[in-house]
Amino acid sequence: MKNQNSILTVGSIALDNLETIKGKKEKMLGGSATYFAMAASLFVEVRVVGVVGTDFTDEGHNIFDSNNIDKKNLQVIDGKTFSWGGKYSNDFSTRKTLFTDLGVFENFKPKIDKEHINTPIVFLGNIHPDLQMDVINQMNEDCLIITDTMNLWIDISLNSLFNVISKTDILLLNNEEAEQLTGESNLSKAGEILISKGPKTVVIKKGANGSMVCGEIEIDNIPVFPGIDVFDPTGAGDSFAGGFCGYLAINGRDNIIDAIIYGSAVASYTVSQFSVNWLKNINIDNIKDRAKTISSLLAEKNNQSKG
């Protein structure tokens, strides 16, 4: 398989205000596109499609510029950058949204540079399905479309979301979203339902219980990296997606299991600090080390099941 040497992503770029048992932080770099791009740029060039306001920090711009991230499709508009505030429970099992200020993101319309419409892999971050479809319509039909979503869009834009899913090659979502989207608590059956809607592969994330894959490849439980001291789980899903897509970009789109392992390895670093602080300071060798550990755990599980 020819290397897929770049990824295009669309999503939010935000300034986060967050409180966890580990501390309280303000105006941290966040957003789905940010976490994804920082993670995927460990592997290949990432082309970010998004919008920020004129208040977006120099630090934010510098972080993008110092990594393998192309900002040609990043709009800078007069106004405020999307901002969000949240507080996690002490065990991180629940999160309360304290405020949401959409700012310039409220009227965001994705615009893809003509040089980028043939980007081999497209990741649609968990923004409104109509914006996701807008990006799909601007891209070449040969692109591999990988889609993320969230419970809000399942609640308020279900038909639009299913339209996007019908154009999707690989769907990423968590177990709660899979159940909400299909009405099926059995995740294997939920995966079958989602496969019938269009994707060739569905990856269902189960938090600390790992991930499962439905579709052309079937596997029940790919473990996560053990023993993580969690600081901030906000970017876990998006950085998982970044590692997942980054691995596929280098190794070919058929390497789903290893891509999940690498996604989990990246996410294990992300949650160990606030914002993108770990992602700024790790390299691909760090990711490979943790991926080897996860691979060993998976092999051990497989051997136990055979025994």
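The values are calculated or read from the model by the stated rules, or taken from the named source; none is laboratory data. Keep in mind that what you see is a predicted model, and the values were worked out from it rather than measured. Methodologically, a virtual Cβ is constructed for each residue, glycine included, from the backbone with ideal geometry; neighbour enumeration extends over all protein chains shown.
For the reader, a short list of remarks on this structure follows.
- Qualifying residue in region 117-136 (condition: on the phi > 0 side of the Ramachandran plot, in contact (Cβ under 8 Å) with a residue 60 or more places away in the chain and either surrounded by 13 or more Cβ atoms within 10 Å (Cβ to Cβ) or not hydrophobic (A, V, I, L, M, F, W, C) (or both)): no
- Any chance ASN209 is in contact (Cβ under 8 Å) with a residue 40 or more places away in the chain and under 30 Å from ASN17 (Cβ atoms): no
- Meets criteria (crowded, with 23+ Cβ neighbours inside 10 Å and touching a strand residue (DSSP E or B) at 6+ places or on another chain (Cβ under 7 Å)) for LEU144: no
- Any chance VAL51 is part of a strand (DSSP E or B) and closer than 23 Å to LEU124 by Cβ: yes
- Only one of SER305, SER295 that is among the hydroxyl-bearing types (Ser, Thr, Tyr), part of a helix (DSSP H, G or I) and surrounded by 13 or more Cβ atoms within 10 Å (Cβ to Cβ): SER295
- Cβ separations smaller than 6 Å between residues 6+ apart or across chains give the following pairs from region 87-102 residues that are among the basic types (Lys, Arg) to residues that are modelled with pLDDT of 95 or more and surrounded by 14 or more Cβ atoms within 10 Å (Cβ to Cβ): LYS87/GLU19; ARG95/GLY86; ARG95/TYR88; LYS96/LYS87.
- Meeting the requirement of 1 or more residues that are over 24 Å from GLY263 (Cβ atoms) and hydrophobic (A, V, I, L, M, F, W, C), the strands (runs of 3 or more DSSP E) wholly within region 78-161 are 95-101.
- Verdict on LYS27 being in contact with a Leu (Cβ under 8 Å, 6 or more places away or on another chain), part of a strand (DSSP E or B) and on the phi > 0 side of the Ramachandran plot: yes
- Screening the candidates ALA208, ALA259 for the property of being in a helix (DSSP H, G or I), closer than 29 Å to LEU161 by Cβ and over 16 Å from the mean Cα position of the chain (by Cα) yields one hit, ALA208.
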